[in-house]
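Asker: Here's a structure for you.
The values are calculated or read from the model by the stated rules, or taken from the named source; none is laboratory data. Worth saying up front: this structure is predicted, and the values here are computed from it rather than measured. Here the Cβ is made from the backbone with ideal geometry for all residues, glycine too, and neighbour counts use every protein chain on show. Just so you know, the surface numbers come from the protein's heavy atoms only, side chains and all, with ligands and any DNA or RNA stripped out. Shrake-Rupley method; radii C 1.70, N 1.55, O 1.52, S 1.80 Å.
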Amino acid sequence: MSEERKLRRVGIVGYGNLGQYLSDMILKEGSHFNLELAFVWNRRSEKMENNIPADLQLEDLNQFKEKHADLIVEVAHPQTVKEYGEEFLRYADFMVGSPTAFAELETETRLRKAAETSGKTLYIPSGALWGAHDIQKMADRKTLKHLKVTMTKHPDSFKLEDPIKELNEKAREKRTVLYNGSVRSLCSLAPNNVNTMAAAAMAAHNLGFDNVHGCLVADPSLPDWHIVDIEVTGPTDEKTGQIFTVKTTRQNPASPAAVTGKATYGSFWSSLLLCKGHGGRVFLC
């Protein structure tokens, strides 16, 4: 059987809205893509009852090896990546849905090395990051000079830590800039909300978390939209002084108070389908 046709077993870590969506897609349509569900784990296992077959429910994440997954998909929390990512990569390819974990340089370094050592692939899904591969290509050529990502959502769509949590709670009457600065510093304040920015920092590897700029905006006039603005600055023409720039705006419909916009679910599924093994490296999918 060719590598393209090999049946791949997928473990899902986290059973929130995104984990439910991916699990359902594999159960319903996985056979069309040579995928089968290896296991689903959730911190509160009762959430899986009547939804995931009992034999596919993993009660103890430390026992993941017994399920023989070819690919493990994390859609739980960055702490899960920090605690289990290295071990996951010893046995399977690993798609990280919470790349804010890599704002800790030690975590990024450990997992990059684990992928290189094991020959397994560390996948970073593009999620809501429009133009991710173009950003990565510019980073590869060292022509990416500046990158800014602005995320705008209704205050109810944010899950934040102080001090910006307090600022967000006051942003009920007018548009408020909650944060404007380095993505590395932002990730610990909004670990569930700025995975798009973290993916941007991984794609823009010549700039990294310290030099990719993140701006978080709460706007009470946007109850059902998530907006991501991306501003890319490239090289300057030495003769004319002209500067290469790209600006995009992604307007993603979202349920009120939802952390993840509707189109991002489909983006994650497309990313998962690309995870077919790309060797011991980081791969943007």
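Asker: Tell me which of 27, 203, 248 sits at the most positive position along the dipole axis of the chain, charges placed on C-beta atoms (Lys, Arg +1; Asp, Glu -1).
Answerer: Ranked along the dipole, the leading option is 248.
Asker: Hey, what angle do you get for helix 17-29 against the long axis of the chain, alpha-carbon based, 0 to 90 degrees rounded to 10?
Answerer: Once rounded, the angle reads 50 degrees.
Asker: Please work out whether the stretch 136-176 counts as rounded, prolate or oblate from its C-alpha gyration tensor, where a ≥ b ≥ c are the square roots of the eigenvalues and a/c under 1.5 means rounded, while otherwise a/b larger than b/c means prolate and anything else oblate?
Answerer: prolate
Asker: What accessible area per residue, rounded to a whole number of Å², is obtained for the chain using a probe radius of 1.4 Å?
Answerer: Result: 48 Å² per residue.
Asker: Between residue 146 and residues 5 or more places away or on another chain, which pairs have amide H atoms under 5 Å apart, with H built 1.01 Å from N, and which residues are they?
Answerer: 233
Asker: Treating only the Cβ of Lys, Arg, Asp and Glu as charged (+1, +1, -1, -1), what charge dipole size does the stretch 35-83 show about its Cα centre? Round to the nearest 20 debye.
Answerer: Computed charge dipole of the stretch 35-83: roughly 200 debye.
Asker: Residues with amide H under 5 Å of residue 254's amide H, sequence separation 5 or more or different chain, H placed in the peptide plane at 1.01 Å from N; which?
Answerer: Close amide H contacts, sequence-distant or interchain: 225, 226, 262.
Asker: Follow-up question, since we're still on this one. Give me the mean projected area, in nm² to one decimal, of the convex hull enclosing the Cα positions of the stretch 1-120.
Answerer: That works out to 7.5 nm².
Asker: Let me ask something else about it. ³J(HN,Hα) across the stretch 271-285 via Karplus (A = 6.51, B = -1.76, C = 1.60, θ = phi - 60°), whole Hz, x for Gly/Pro?
Answerer: Rounded to whole hertz, the list is 5, 4, 5, 7, 7, 10, x, 10, x, x, 7, 8, 9, 7, 10.
Asker: Over the alpha-carbon set of the stretch 17-56, work out the extent along each principal axis and list the three values in angstrom, largest first.
Answerer: 30, 21, 15
Asker: Would you kindly work out the equivalent ellipsoid of the chain from its C-alpha gyration tensor and give its semi-axes, the square roots of five times the eigenvalues, largest first in whole Å?
Answerer: They are 31, 24, 17 Å, listed from largest to smallest.
Asker: Do any of 142/276; 82/148; 6/65; 67/276; 65/148 go past 30 Å between their Cα atoms, and which?
Answerer: In this structure, 65/148 lie more than 30 Å apart at Cα.
Asker: When we measure straight from the Cα of residue 145, which lysines land under 23 angstrom away, once same-chain ones fewer than 8 places off are left out?
Answerer: Here the lysines satisfying the reach criterion relative to residue 145 are 137, 239, 247.
Asker: Summing Lys, Arg as +1 and Asp, Glu as -1, what charge do residues with Cβ under 14 Å from the Cβ of residue 136 carry, residue 136 excluded?
Answerer: Within the 14 Å Cβ shell, the charges total +2.
Asker: Send over the per residue convex hull volume for the stretch 53-150, Cα only, as a whole number of Å³.
Answerer: 133
Asker: Also, quick follow-up: Are there any GluC sites (Glu not before Pro) in the stretch 165-243 that are in a DSSP loop and have at most 14 other Cβ atoms within 10 Å? List them by number.
Answerer: Here the GluC sites (Glu not before Pro) that fit, given the DSSP loop and packing criteria, are 173, 238.
Asker: Would you look at the GNM of the chain, springs on alpha carbons closer than 10 Å, and say which of 156, 55, 134 moves the most?
Answerer: Sorting by GNM fluctuation, first place goes to 55.
Asker: What is the dipole size for the stretch 88-210, taken about its Cα centre, with +1 at each Lys and Arg Cβ and -1 at each Asp and Glu Cβ, in debye to the nearest 20?
Answerer: Approximately 300 debye in magnitude.
Asker: Moving on to the next point. Non-local amide H neighbours of residue 284 (under 5 Å, H modeled in plane, Pro and chain starts lacking H): which ones?
Answerer: Hits under the 5 Å cutoff: 124.
Asker: Which translational diffusion coefficient, to the nearest whole µm²/s, is obtained for the stretch 154-285 from the Stokes-Einstein equation, given a Kirkwood hydrodynamic radius over C-alpha pairs, 20 °C and 1.002 mPa s?
Answerer: After rounding, the answer is 129 µm²/s.
Asker: So if R0 is 22 Å, what FRET efficiency would residue 140 and residue 225 give, r being the distance between their Cβ atoms, rounded to the nearest 0.05? Let's see the in-between values first.
Answerer: Values: r = 33 Å, r/R0 = 1.48.
Efficiency, rounded to the nearest 0.05: 0.10.
Asker: Shifting gears a bit: Explain nothing, just the number: dipole magnitude of the stretch 144-207 about its Cα centre with +1 on each Lys and Arg Cβ and -1 on each Asp and Glu Cβ, in debye rounded to the nearest 20.
Answerer: 260
Asker: Shifting gears a bit: Can you give me the Rg/Rh ratio for the stretch 214-267, using Cα atoms for both radii and the Kirkwood formula for Rh?
Answerer: On the way: Rg = 16.0 Å, Rh = 13.5 Å.
Rg/Rh: 1.18.
Asker: Moving to a separate point now. Using Cα springs under 10 Å in a Gaussian network model of the chain, which residue among 261, 14, 181 shows the largest mean-square fluctuation?
Answerer: Highest fluctuation of the listed residues: 181.
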